[in-house]
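Report on the structure given below.
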Amino acid sequence: MDLVKEMVIVLGRIVTIIPLLLIITLVMGRRSIGELPVFDFLVILILGAVVGADIADPNIEHLHTAVAIVLIGGLQMLIAKWAITHRKFGRLITFEPTIVIKDGQLLRDNMKRIRYSLDNILQMLRENDIFDASDVQLGIIESNGKLTVYKSPNKGNVTVEDLGIKKTSEGISYPVIIEGEIYSTVLKDLNLNSTWLKNELSKQDISNIEQVFYASVSKDKKLHISLYKQSSSVKPEILH
């Protein structure tokens, strides 16, 4: 009988707490769901923990949980408003945008600072329909973790102002060196070999493969290189 009573209590809590949680989330604003900055992520995490504990443990005062949800939602709204009116405070509670690609060069130090791997960046480039890092003039990891890219002017599609002509793409670029390691199978598939690769590197005064952070080859045999010792300083800075 006690078990049935507890189940009824849990059901009653679910029926009452979910509408309240929905109302608070809607009042907090779509920014919490769409962009999920750091502080909003923490708020949602806490709300989930509070609601989960309330539903799972009938011994917790249900009214206390409801009050906690309202207070947490109110705190989020207050902090969000303060962040808008006090720019410096807003920048303290979120991440700064970080440039990870500049003029086709992958900035390893910046990637390392925000703990993004090369694989992360390459995947995000592909999600932006970019298969060659050299096509990117500027790549920025935003405060919400997404990659924003600005293509080099000669790599973008021509607009109506450019007489309606659409420029053709040079195609996909294939990784042949990643973090100092040669991908021989990729070279073979491109009808190339390590000798060709080393010759191309020597033309750019690179004598040691271990100097190369990332290198790719297009189908027309163009080699694009990003070095480990690439300057991570970009001026002017990109701020919020």
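The values are calculated or read from the model by the stated rules, or taken from the named source; none is laboratory data. This is a predicted model, so every value here is computed, not measured. Note that each Cβ is placed from the backbone with ideal geometry, even for glycine, and that neighbours are counted across all protein chains shown. Just the protein is used for accessible areas: all its heavy atoms, side chains included, with ligands, DNA and RNA removed. Shrake-Rupley method; radii C 1.70, N 1.55, O 1.52, S 1.80 Å.
Leaving out ligands, DNA and RNA, what percent of the accessible area of segment 1-137 is carbon and sulfur, probe 1.4 Å? Accessible surface attributable to carbon and sulfur in segment 1-137 totals 67 percent. Under 11 Å from the Cβ of GLU6, count the other residues' Cβ atoms, weight Lys and Arg +1, Asp and Glu -1, and hand me the total. That works out to 0.
Excluding ligands, DNA and RNA, the accessible surface per residue across segment 12-116 is 62 Å² with a 1.4 Å probe.
Of LYS188/LYS219; LYS151/LYS229; LYS112/LYS229; LYS112/LYS146, which sit over 19 Å apart, Cα to Cα? Where the Cα-Cα span goes over 19 Å, the pairs concerned are LYS151/LYS229. As a calculated quantity, the FRET efficiency between LYS88 and VAL38 at R0 = 22 Å, using C-beta atoms, amounts to about 0.90.
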